[in-house]
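The values are calculated or read from the model by the stated rules, or taken from the named source; none is laboratory data. Keep in mind it's a predicted model, so treat the numbers as computed, not measured. When we count neighbours, we look across all protein chains shown, and the Cβ atoms used for this are built from the backbone with ideal geometry, even at glycine. Surface accessibility is based on the protein's heavy atoms, side chains included, excluding ligands, DNA and RNA. Shrake-Rupley method; radii C 1.70, N 1.55, O 1.52, S 1.80 Å.
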Amino acid sequence: MAKSHQLRKIFIVVFLIGWLFIAYFGWKQTTDTSSKLTTITIGYQAGDEFDIAKTRGEFAKKMKKAGYKVKFKEFQNGSAEMQALATGAIDYARTGDTPPVTALASGTNLTYVGAGGSKEQGTGILVKTSSGINSLSDLAGKKIAYTQGTSSQYLLLKALQKAGLSTSDVELVSLDQSAAAVAYEKGKVDAWANWDPQTSRLELNGSKLLVNGSDISDNNRSYLVASTSFAKSNKKVSKLIIKYLNQDMQWVNKNQTKAIKMMAKSLRLSTSVVSKMVKRRTYSFGYMTKTAVQESQDIANLFYEQGVIKKKVNVKSHVQYLK
């Protein structure tokens with residue numbers, strides 16, 4: 001009996017030692033794997049390509065397998081992202097077309113490394129259907145909200161130019177997204193230059209797009225930018241990011257119903273709003289092209305002519321063509 005009791009004690013001790021060894025080995029493996037990963041921080045905005053990739057989860061898994069740990073930081077607009085990029089708070093920024101131009105003009109050393117598809121159908125100038133504003137010329141004398149340094153500023157200038165109006169013919173009010181939403185809904189401004197998902201949300205709630213990007217040749221393309229020094233030293237990372245991000249974009253195109261449900265939950269928006277946003281664009285992301293460079297140069301040229309920026313910007317001098 002004593003011998004049986006002793007054997008039981010020995011078995012328990014051996015079992016505990018074995019369990020501790022397995023637990024330690026598992027912890028050590030996790031620690032070693034984590035310590036070997038290089039952290040990459042990406043700035044994004046709600047509803048954009050990286051928000052989709054972040055929510056789906058496949059992007060981070062693929063990057064981890066390739067040796068990188070991805071950290072996502074959300075920003076309200078591209079102008080805020082450019083500030084974070086300039087201070088080194090993020091490694092990459094996914095922005096609209098305008099922020100990189102204004103950042104370059106202010107002296108930020110950045111490089112374009114990738115470009116997304118057009119968002120022209122979901123970008124435009126919102127007015128309430130009951131406003132009596134039915135054409136661009138009707139904007140004369142009206143208050144128009146926009147966010148300085150973002151794609152809404154370029155869109156607004158292009159629209160006024162098409163209507164034969166100057167900035168002195170209207171009252172421009174620069175507000176961040178939250179403040180602009182309140183001002184627009186309370187009637188403190190007559191129109192709001194904006195982008196999806198806000199445009200889709202408001203179109204389904206008593207507003208209309210007086211003009212969208214396609215009406216004025218404004219593609220409002222997405223761009224991926226990095227600090228110049230980082231871009232030069234991390235071409236491999238940039239290629240992986242673009243490759244895996246585009247795979248997520250193709251998934252959205254092929255699985256719209258699933259994507260809409262996923263994004264509606266993530267953005268806390270109705271499926272009708274997200275459905276409108278998703279169905280009026282084709283998602284993609286790739287390397288920089290001459291077309292994308294020319295579109296950005298057009299922005300730089302108009303901003304300089306209008307006095308928005310004080311320094312001429314030569315976009316092609318800040319582009320990395322990855323192959």
Qualifying residue in the range 216-235 (condition: modelled with pLDDT under 95 and part of a helix (DSSP H, G or I)): yes
Of residues in the range 136-151 being over 24 Å from the mean Cα position of the chain (by Cα) and under 20 Å from Leu175 (Cα atoms), the one surrounded by the fewest Cβ atoms within 10 Å (Cβ to Cβ): Gly141
Subset of the range 40-54 [touching a residue at least 60 places away in the same chain (Cβ under 8 Å) and part of a helix (DSSP H, G or I)]: Glu49, Phe50, Asp51, Ile52, Ala53
All positions within the range 62-100 that are farther than 22 Å from Leu156 by Cβ and in a loop (DSSP other than H, G, I, E, B): Ala66, Gly67, Gly88, Ala89, Ile90, Asp91
Filtered residues of the range 136-152 (kept if within 19 Å of Ser222 (Cβ to Cβ) and in a strand (DSSP E or B)): Tyr146
Failed criterion for Asp97 (all others in (1) farther than 24 Å from Ser178 by Cα; (2) among the charged types (D, E, K, R); (3) at pLDDT below 95 hold): (1)
Matching residues in the range 152-186 - criterion: being surrounded by 14 or more Cβ atoms within 10 Å (Cβ to Cβ), of a type in the set (Gly, Ala, Ser) and over 24 Å from Glu305 (Cα atoms): Ala179, Ala180, Ala181, Ala183
Hits in the range 281-291 - residues which are touching a residue at least 60 places away in the same chain (Cβ under 8 Å) and touching a helix residue (DSSP H, G or I) at 6+ places or on another chain (Cβ under 9 Å): Arg281, Thr282, Tyr283, Ser284, Phe285, Gly286, Tyr287
Selected residue (criterion: surrounded by the most Cβ atoms within 10 Å (Cβ to Cβ)) from residues of the range 33-61 that are among the polar types (S, T, N, Q) and over 27 Å from Gln153 (Cβ atoms): Thr55
Index of the failed condition, Arg201 passing every other in (1) more than 23 Å from Tyr112 (Cα to Cα); (2) out of contact with any helix residue (DSSP H, G or I) (no Cβ under 8 Å at 6 or more places or on another chain); (3) in contact (Cβ under 8 Å) with a residue 12 or more places away in the chain; (4) open to solvent by 40 Å² or more (accessible area, probe 1.4 Å): (2)
When residues of the range 67-89 are limited to those that are touching a Pro at 6+ places or on another chain (Cβ under 6 Å) and not hydrophobic (A, V, I, L, M, F, W, C), the one least open to solvent (accessible area, probe 1.4 Å): Gly78
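Rundown of residues vs (1) part of a helix (DSSP H, G or I); (2) within 24 Å of Lys312 (Cβ to Cβ); (3) among the charged types (D, E, K, R); (4) within 27 Å of the chain's Cα centre (by Cα), yes/no style:
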residue: Val113; (1), (2), (3), (4): no, yes, no, yes
residue: Ser131; (1), (2), (3), (4): no, no, no, no
residue: Asn134; (1), (2), (3), (4): no, no, no, no
residue: Tyr154; (1), (2), (3), (4): yes, yes, no, yes
residue: Leu160; (1), (2), (3), (4): yes, yes, no, yes
residue: Ser178; (1), (2), (3), (4): yes, no, no, yes
residue: Tyr184; (1), (2), (3), (4): yes, no, no, yes
residue: Leu202; (1), (2), (3), (4): yes, no, no, yes
Total residues in the range 187-198, condition over 23 Å from the mean Cα position of the chain (by Cα) and open to solvent by less than 40 Å² (accessible area, probe 1.4 Å): 2
Qualifying residue in the range 90-104 (condition: surrounded by 20 or more Cβ atoms within 10 Å (Cβ to Cβ) and more than 26 Å from Tyr287 (Cβ to Cβ)): no
Filtered residue count, the range 290-308, keeping only those that are open to solvent by less than 70 Å² (accessible area, probe 1.4 Å) and either farther than 16 Å from Pro99 by Cβ or assigned to a helix (DSSP H, G or I) (or both): 12
Which listed residue is within 23 Å of Glu120 (Cα to Cα), surrounded by fewer than 14 Cβ atoms within 10 Å (Cβ to Cβ) and either out of contact with any Phe, Trp or Tyr (no Cβ under 6 Å at 6 or more places or on another chain) or among the small types (Gly, Ala, Ser) (or both), from Lys323, Lys311, Lys279, Lys265: Lys279
Matching residues, the range 236-253, being open to solvent by 10 Å² or more (accessible area, probe 1.4 Å) and either farther than 25 Å from Val278 by Cβ or modelled with pLDDT under 95 (or both): Lys236, Lys239, Leu240
